[in-house]
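Trainee: My questions will all concern the structure given below.
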Amino acid sequence: MARAFVCVRVLATVLLLNISIVSRSMGLRGKERQGASRIPSEFSPEERFAMKEALKDAIKIPTVSFGPEEFNTTALAEFGEFIHKAFPNLFKTSFIQHEVVSEYSHLFTVRGSDPSLQPYLLTAHIDVVPAPEEGWEVPPFSGLERDGFIHGRGTLDNKNSLMAILQALELLLTRNYVPRRSFFIALGQDEELSGNYGAQKISALLQARGVQLAFIMDEGGFILDGFFPSLKKPFAMVSVTEKGSLNLKLQVKMTPGHSSAPPAETSIGILAAAVSRLEKTPLPNMFGDGPLKTTLQLLANEFPFPSNMVLNNLWLFGPLVKRLLERNYITNALIRTTTAVTMFHAGIKMNVIPPVAETVINFRIHPAQTVEEVIELVKNNIADDRVQLHVLSAFDPLPISPSDDQAFGYQLLRQTLQSVFPDVSIIAPGVCIGNTDSRHYTNLTTGIYRFNPVYLQPQGFSSIHGLNEKISVQAYETQVKFMFELIQNADTEQRSSPHQHEL
Ligand SMILES: *[C@@H]1O[C@H](CO)[C@@H](O)[C@H](O)[C@H]1NC(C)=O
Ligand SMILES: *[C@@H]1O[C@H](CO)[C@@H](O)[C@H](O)[C@H]1NC(C)=O
Ligand SMILES: [Zn+2]
C-alpha cells in the first residue's frame, strides 16, 4: 500500500471522537455450491508448516521498488519463478489461465462452472518499499521466524495478502475445488510507485476483453485493535474510497538582472507570497459531503457518552464536530483537500535577480471534490496572474463503493469476517487517504473494497513502510483461512430481495 497506512492513522484519530457499527444483516443467501458440499477450512500440520515457509521464502526475495523506473527486475523475475514452485496446482489446473503482464506482473483467470455469475477480482502487489537494515531487529529480507512472528519487509504490506490468496486457492485445488463463480487474481509489480506497469496494464487487458466485475478486494484496511481507548472491541475497517491527488507546480518567471538595482518584487517574493496565501487559506472543510458524516451517524451508538449523544445529533452538533475535526492535522486530512508545499527552487547566484522561482504543492483531494475544482480554488486563492500553474500529475478521488445490504462484495466480506473472526462484530466503511492500485480498476466495477483480514495494533501499523514489519504465524494462517472461506462464499448468489431499510 503506497502510504495507505495513513488510512489507519486517520481513522484512528477520528475514532477518538468515535466510531463503530454493528449491522448483522446478511445480504447473501447461503445457497450451497452446486452438487458439492462446503470444504472445511482446516489444514494439516504439514500444510500449515508449508504455508508459513512459503511466506518466508516470498519475503526473502527483495522485490524492492526504489523509485520511478527503478525496480529490482532480478528479484521480480525470481518471484515469478518462485510462485510456480510454491503453488504448482495453480499452473496446471485446466480451468485456470495464467498470463504474465509487463514482464513481471501476473494475471490468473479462474473459470467458474456457472458463467451467469459475474466474476470478481482479488488483487495484491509483489513490490515492497526499500528497507535499509539499520534499526531492524532482524535483517528485513531474512523472513526470520522468532517468537511466533515472521519478520521482514512485506509481511503486512503486501506479500501476506498476495501469498494468502494464492495459498488459499492452491489448498482448495488440492481438495478438488471447482468454483461456480469465475474470478481473477491480479498481482502487480509496481504498486509502491504508480501501478503503471502492473495494475494499469492488467486493467487495460481486462477492459479490452469486456470484463465487468462484481467487486474487487484490494489492500488498504485492517481489523484495528487497541487504537481507540473508548472502543474496547477491535473492529474491521473496510475502505470504500480513496482521496485523489494533485501535484501542482507553481512558477514565476522574471527578467534576470543585477541585485544592485532590484525591481520592487522578485520571482521569489511573488511566489513566496502565493505560497503563503495558500497555506493561510486552507481549502474548504467538506464535512457533511462524502461518506464520513454518514459513517459517524451509523456508528454513533457504539460510543460512550457524550460522543454517542453528539454523533446522534449532528443536526445540532454538526458545526462543532466540523470544527473539532479541523483541529488535529490527521482528522483535518479527512474533511478537506490538504495542501502540502513539498518543494521550492529558486535563485542561481547571490547577486543575481532570480529569473525563475518554482514550487511543487501536493494536494490530497477530498472525495467530494475533483482535480478541476481544486485547481480553480487554488487559482482564486493565489489571485496573481504572474504565478503560472502546471499540473505535474493528478487523479480524482475514487468513487465511493456501496456498503449497503445489496452491496455484494461488502456483504461477502462481512459474512466471511463473521465466520472467521467471530470476535469482530463491528465493520465500518472507511476513507483511505493514501493510495492503492485500486484506482486503475475503477472502470471494471463500482465495488472496490480495501481490506486485509489481519488484526493490526498501533505498533504493527507504524511498521508498515517503517521498521520491524512482521506478522504472526497465526495471523497469516487466519488470513489464508479467510481467503479459503471467501472464495467459497463468493459462489453464493446475490440476494435479490428489495432493500429493507434506508439509513
Ligand atoms: C535484487 O534482487 C536480487 C535477488 O533477486 C538480489 O540478489 C540483489 O541484491 C537485489 N538488488 C538490490 C539492489 O537490492
Ligand atoms: C476508463 O475508460 C475510459 C473510456 O474508455 C478511458 O478513457 C480511461 O482511460 C479508463 N480509465 C482507466 C483507469 O482505465
Ligand atoms: Zn501496499
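The values are calculated or read from the model by the stated rules, or taken from the named source; none is laboratory data. Every value quoted in this text rests on a predicted model; they were computed, and no experiment measured them. FYI the Cβ positions are ideal-geometry reconstructions off the backbone, even for glycines, and counts take in every protein chain you see.
Trainee: If only one of Phe95, Phe66, Phe91, Phe79 is among the aromatic types (Phe, Trp, Tyr) and either in contact with a helix residue (DSSP H, G or I) (Cβ under 6 Å, 6 or more places away or on another chain) or at pLDDT below 95 (or both), which one is it? Even if it seems obvious, please write down each step before you answer.
Mentor: Values: Phe95 fails: either in contact with a helix residue (DSSP H, G or I) (Cβ under 6 Å, 6 or more places away or on another chain) or at pLDDT below 95 (or both); Phe66 fails: either in contact with a helix residue (DSSP H, G or I) (Cβ under 6 Å, 6 or more places away or on another chain) or at pLDDT below 95 (or both); Phe79 fails: either in contact with a helix residue (DSSP H, G or I) (Cβ under 6 Å, 6 or more places away or on another chain) or at pLDDT below 95 (or both).
One residue alone meets the criteria, Phe91.
Trainee: Further, regarding this structure: Residues to consider are Phe71, Phe82, Phe66, Phe87; find the one that is free of Cβ contacts under 8 Å to residues at least 40 places away in the same chain, over 22 Å from Asp491 (Cα atoms) and of a type in the set (A, V, I, L, M, F, W, C). Break it down into steps so the answer makes sense when it comes.
Mentor: Details: Phe71 fails: free of Cβ contacts under 8 Å to residues at least 40 places away in the same chain; Phe66 fails: free of Cβ contacts under 8 Å to residues at least 40 places away in the same chain; Phe87 fails: free of Cβ contacts under 8 Å to residues at least 40 places away in the same chain.
One residue alone meets the criteria, Phe82.
Trainee: Whether any residue in region 335-357 is surrounded by 14 or more Cβ atoms within 10 Å (Cβ to Cβ) and in contact with a Lys or Arg (Cβ under 6 Å, 6 or more places away or on another chain) is what I want to check.
Mentor: The answer is yes; a qualifying residue exists.
Trainee: Right, next: Test of understanding: among Asn89, Asn176, Asn160, which residue is in a loop (DSSP other than H, G, I, E, B) and of a type in the set (S, T, N, Q)? First the steps, then the outcome.
Mentor: On the way: Asn89 fails: in a loop (DSSP other than H, G, I, E, B); Asn160 fails: in a loop (DSSP other than H, G, I, E, B).
Of Asn89, Asn176, Asn160, the one residue that is in a loop (DSSP other than H, G, I, E, B) and of a type in the set (S, T, N, Q) is Asn176.
Trainee: I would also like to ask the following. I'm trying to understand the selection: among the residues of region 59-86, which are crowded, with 19+ Cβ neighbours inside 10 Å and more than 12 Å from ligand 1 (Cβ to nearest atom)?
Mentor: Correct list: Ile59, Ile83, Ala86.
Trainee: In region 137-157, what residues are part of a loop (DSSP other than H, G, I, E, B), surrounded by 20 or more Cβ atoms within 10 Å (Cβ to Cβ) and not acidic (Asp, Glu)? Write out each step before concluding.
Mentor: Just the residues of region 137-157 that are part of a loop (DSSP other than H, G, I, E, B), to begin with: 137-144, 147-148, 152-157.
When the remaining residues are screened for being surrounded by 20 or more Cβ atoms within 10 Å (Cβ to Cβ), the result is 140-141, 143, 152-157.
Across region 137-157, the qualifying residues are Pro140, Phe141, Gly143, Gly152, Arg153, Gly154, Thr155, Leu156.
Trainee: Answer yes or no as to whether His390 is out of contact with any Cys (no Cβ under 7 Å at 6 or more places or on another chain) and surrounded by 13 or more Cβ atoms within 10 Å (Cβ to Cβ). Walk me through how you get there before you give the answer.
Mentor: Values: out of contact with any Cys (no Cβ under 7 Å at 6 or more places or on another chain): yes; surrounded by 13 or more Cβ atoms within 10 Å (Cβ to Cβ): no.
Judged against the criteria, His390 is not a match.
Trainee: Of the residues Gly210, Gly195, which is of a type outside the set (Ser, Thr, Tyr) and either farther than 30 Å from Leu389 by Cβ or exposed (fewer than 15 other Cβ atoms within 10 Å of the Cβ) (or both)? It would help to see each step written out before you state the result.
Mentor: Values: Gly195 fails: either farther than 30 Å from Leu389 by Cβ or exposed (fewer than 15 other Cβ atoms within 10 Å of the Cβ) (or both).
Of Gly210, Gly195, the one residue that is of a type outside the set (Ser, Thr, Tyr) and either farther than 30 Å from Leu389 by Cβ or exposed (fewer than 15 other Cβ atoms within 10 Å of the Cβ) (or both) is Gly210.
Trainee: Are any residues in region 188-239 over 24 Å from Ala490 (Cβ atoms) and in a strand (DSSP E or B), and if so, which ones?
Mentor: Leu224
Trainee: Follow-up. Would you say Gln488 is of a type in the set (S, T, N, Q), in contact with a helix residue (DSSP H, G or I) (Cβ under 7 Å, 6 or more places away or on another chain) and not in a loop (DSSP other than H, G, I, E, B)?
Mentor: Details: of a type in the set (S, T, N, Q): yes; in contact with a helix residue (DSSP H, G or I) (Cβ under 7 Å, 6 or more places away or on another chain): no; not in a loop (DSSP other than H, G, I, E, B): yes.
No: the conditions fail for Gln488.
Trainee: Yes or no: Gly257 exposed (fewer than 15 other Cβ atoms within 10 Å of the Cβ), modelled with pLDDT of 95 or more and farther than 30 Å from Leu311 by Cβ? Steps first, answer last, please.
Mentor: Working: exposed (fewer than 15 other Cβ atoms within 10 Å of the Cβ): yes; modelled with pLDDT of 95 or more: no; farther than 30 Å from Leu311 by Cβ: yes.
For Gly257, the condition - exposed (fewer than 15 other Cβ atoms within 10 Å of the Cβ), modelled with pLDDT of 95 or more and farther than 30 Å from Leu311 by Cβ - is not met.
Trainee: Here is a further query. Considering region 393-427 alone, what residues qualify as being more than 23 Å from Tyr329 (Cα to Cα) and either assigned to a strand (DSSP E or B) or touching a Cys at 6+ places or on another chain (Cβ under 9 Å) (or both)?
Mentor: The answer is Ser393, Ile427.
Trainee: Name the single residue that is farthest from ligand 1 (Cβ to nearest atom) among those in region 414-446 being closer than 30 Å to Asn362 by Cα and free of Cβ contacts under 8 Å to residues at least 60 places away in the same chain.
Mentor: First, the residues of region 414-446 that are closer than 30 Å to Asn362 by Cα: 428-446.
Next, from what is left, pick out any that are free of Cβ contacts under 8 Å to residues at least 60 places away in the same chain: 442, 446.
Values: Thr442: 33, Thr446: 39 Å.
The residue in question is Thr446.
Trainee: Kindly indicate which of Arg24, Arg33, Arg48, Arg29 is away from ligand 2 (no atom under 16 Å from the Cβ), of a type in the set (D, E, K, R) and at pLDDT 95 or above. Outline the logic, then answer.
Mentor: On the way: Arg24 fails: at pLDDT 95 or above; Arg33 fails: at pLDDT 95 or above; Arg29 fails: at pLDDT 95 or above.
Only one candidate qualifies: Arg48.
Trainee: Right, another one. In the set Gln118, Gln200, which member is over 19 Å from Leu413 (Cβ atoms) and in contact (Cβ under 8 Å) with a residue 40 or more places away in the chain?
Mentor: Being over 19 Å from Leu413 (Cβ atoms) and in contact (Cβ under 8 Å) with a residue 40 or more places away in the chain holds for just one of Gln118, Gln200, which is Gln200.
Trainee: Here is a further query. Can you go through Gly198, Gly257 and tell me which one is more than 23 Å from Ser403 (Cα to Cα), more than 16 Å from ligand 2 (Cβ to nearest atom) and among the small types (Gly, Ala, Ser)? Give the steps one after another, and end with the answer.
Mentor: Values: Gly198 fails: more than 16 Å from ligand 2 (Cβ to nearest atom).
Going through Gly198, Gly257 in turn, the sole match is Gly257.
Trainee: Still on this structure: Could you say which residue among His106, His98 is touching a residue at least 60 places away in the same chain (Cβ under 8 Å) and either under 26 Å from the mean Cα position of the chain (by Cα) or within 16 Å of ligand 3 (Cβ to nearest atom) (or both)?
Mentor: Working: His98 fails: touching a residue at least 60 places away in the same chain (Cβ under 8 Å).
Being touching a residue at least 60 places away in the same chain (Cβ under 8 Å) and either under 26 Å from the mean Cα position of the chain (by Cα) or within 16 Å of ligand 3 (Cβ to nearest atom) (or both) holds for just one of His106, His98, which is His106.
Trainee: Something else now. For residues that are surrounded by 24 or more Cβ atoms within 10 Å (Cβ to Cβ) and either in contact with an Asp or Glu (Cβ under 7 Å, 6 or more places away or on another chain) or part of a strand (DSSP E or B) (or both), tally how many sit in region 428-442.
Mentor: The qualifying residues number 9.
Trainee: Mind checking which pairs have a first residue in region 251-278 that is among the acidic types (Asp, Glu) and a second that is modelled with pLDDT of 95 or more and in a helix (DSSP H, G or I), Cβ under 9 Å, 6 or more apart or different chains?
Mentor: Pairs that qualify, where the first residue is among the acidic types (Asp, Glu) and the partner is modelled with pLDDT of 95 or more and in a helix (DSSP H, G or I), are Glu265/Ala273.
Trainee: Moving on. Before we move on, is Leu55 on the phi < 0 side of the Ramachandran plot and within 16 Å of ligand 2 (Cβ to nearest atom)?
Mentor: Details: on the phi < 0 side of the Ramachandran plot: yes; within 16 Å of ligand 2 (Cβ to nearest atom): no.
So Leu55 does not fit the description; no.
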